[in-house]
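The values are calculated or read from the model by the stated rules, or taken from the named source; none is laboratory data. Not measured: the values here are computed from a predicted model. A quick note on method: Cβ atoms are made from the backbone with ideal geometry, for glycine too, and the neighbour counts reach across all protein chains shown. With ligands, DNA and RNA removed, areas are computed over all heavy atoms of the protein, side chains included. Shrake-Rupley method; radii C 1.70, N 1.55, O 1.52, S 1.80 Å.
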Amino acid sequence: MKLELSRVVQGCRLGLLTGLGKSGQHSLEVPGCLLYTRCATVPHLTQDTLHTLRDLPSVTQVSVDSLAEHHEVLKEFKEGVRKFAGLHDTVLFCSLHDSANSSPAGHVTNKTVSVWGSGGRIELTVARFMAIQAAIQPDCYQSMADGETWQAGTSRKRVRKAVDRTLAHLDECLALHQKTQELKQAEIFGVVEGGDILEERLRSARETAKRPVGGFVLDGFHSAAMDQDVRVQLIKATSAELPQEKPRLVLGVGCPDEVISCVEAGVDLFESFFPFQVTERGCALSFNYTIDPDPETAGTSTPTVLEFNGEMPAVKKLNSNGDENMTPYEMNLKDKRYQDDFRPLVEGCSCYCCKKHMRAYVHHLLVTNELLGGVLLMLHNMAHYLGFFKALREAITSDRLQDFKNRVLHCREGI
């Protein structure tokens, strides 16, 4: 695995992650995202339905917390979760937790961490963690880590202990990795911890970078856990301590404005749990991410995706009366105002949902609890999110990042 950077603009790293997978023939553009799954399946979508989407990420994310209770079955199967779940040709990345779920804190020790499956808490030693990885057979995976220092008010002593534990876990994982036949061709990503304490973040980054890891996971920056300005400052400082040629994946960040801030701070990769969360709220992503290719042609070209979708005031009103987790980047299709709205979810969107169906129909599916509602929303939201990342890369390439930011943040401010 190798990260080939083509340019760095205002801190944003544009490039291609090559040599992925056991064959080494896969690649992934950065900045970009992984394909989010739950128990190795994209929620609401079959594999065939999923592959109606264009430009899917070549890397699929699975998590230990959703697969740990299936360890014995996967171990007996012997061929890994990729074949077990019937996945198409894809690279597998295995994280410790599913960022779409919140987990109870206070269940870590010097030797163990805990994950939460459908049956409750599962305590993991490094040996058990690595045995699960051997059964999953990922192409790359994050090492075991103590990531419970993101809560506000965590003491400096507790943060220091978390960094020490995470480094000790990484050393144990690396030792067992070399002895595990099923993981011979896999890469370990070291985890950078440190809460909101700069000195510990830097120490964690420096020490992790000394180990033979394939990349880095920046943990503890979850959207609900940290002020955005503090997050950006910490990520910038941390990134400066990491080697340029290795990828950086941040966990728990998915909202578009936060993604842009993290990219400017030096992050390469993100999870894609955000479209799933939006779908679960009965909402559709509807923010504008298009910019004119040339400032001189602004206002003279035919409007592209989302140019006609200036519905921010209505969305903000819905936000104040609806789901408290709703963001300004989505519209609540459960609302009555859409029951006789015969437009597509987003004008100009090329996803199956927008080409074949209208807002009124999706509204009907949601209020009657039809399963098809989640399928159509997930298709649209994934297509929209992937389009956002593609537009972000194009904006960096064309030196139009500020125009892109203005367009996206326009939704956040409700201008």
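The label-point distance for L372 and T18, in a model that sets each label 7 Å from Cα toward Cβ, rounds to 4.6 nm.
Backbone amide hydrogens, once placed in the peptide plane, bring F273 within less than 5 Å of nothing, excluding anything fewer than 5 places away on its chain.
Report for segment 2-271 the percent antiparallel among DSSP-assigned beta bridges with both residues inside it, nearest 5. Antiparallel: roughly 45 percent of the beta bridges in segment 2-271.
Each of the peptides 41-52, 8-19 was scored by the mean count of other Cβ atoms within 10 Å over its residues; in descending order, highest first, they stand as 8-19, 41-52.
Summing Lys and Arg as +1 and Asp and Glu as -1 over all other residues whose Cβ lies under 14 Å from the Cβ of L35 gives a net charge of -3. Heavy atoms of the protein chains alone define the surface here; on that basis segment 3-69 has 40 Å² accessible area per residue at 1.4 Å probe size.
Near K356: Cβ cut-off under 15 Å, other residues only, Lys/Arg at +1 and Asp/Glu at -1. The net charge is +2. The share of C-alpha pairs in the chain whose separation exceeds 27 Å stands at 51 percent. Here is what passes the span test in the chain: the DSSP H helices with alpha carbon length of 27 Å or more along the helix axis and a Kyte-Doolittle mean of 0.0 or above are 371-397. Dipole check for the chain: with +1 at the C-beta of Lys and Arg, -1 at the C-beta of Asp and Glu, and the Cα centre as origin, the magnitude is about 660 Debye. Surface composition of the chain: carbon plus sulfur atoms contribute 49% of the solvent-accessible area (1.4 Å probe, protein chains only, all chains present).
The modelled label-to-label distance between K75 and R337, using points 7 Å beyond Cα along the C-beta direction, is 5.5 nm.
Our note on the geometry: Cα centres of segment 161-176 and segment 23-99, 25 Å apart. Here the spin labels are modelled as points 7 Å beyond Cα on the Cα-Cβ line, and at R206 and N325 they lie 3.9 nm apart. Work out the FRET efficiency for K355 and E123 from their Cβ-Cβ distance, taking R0 = 41 Å, and round it to the nearest 0.05. After rounding, the FRET efficiency stands at 0.30.
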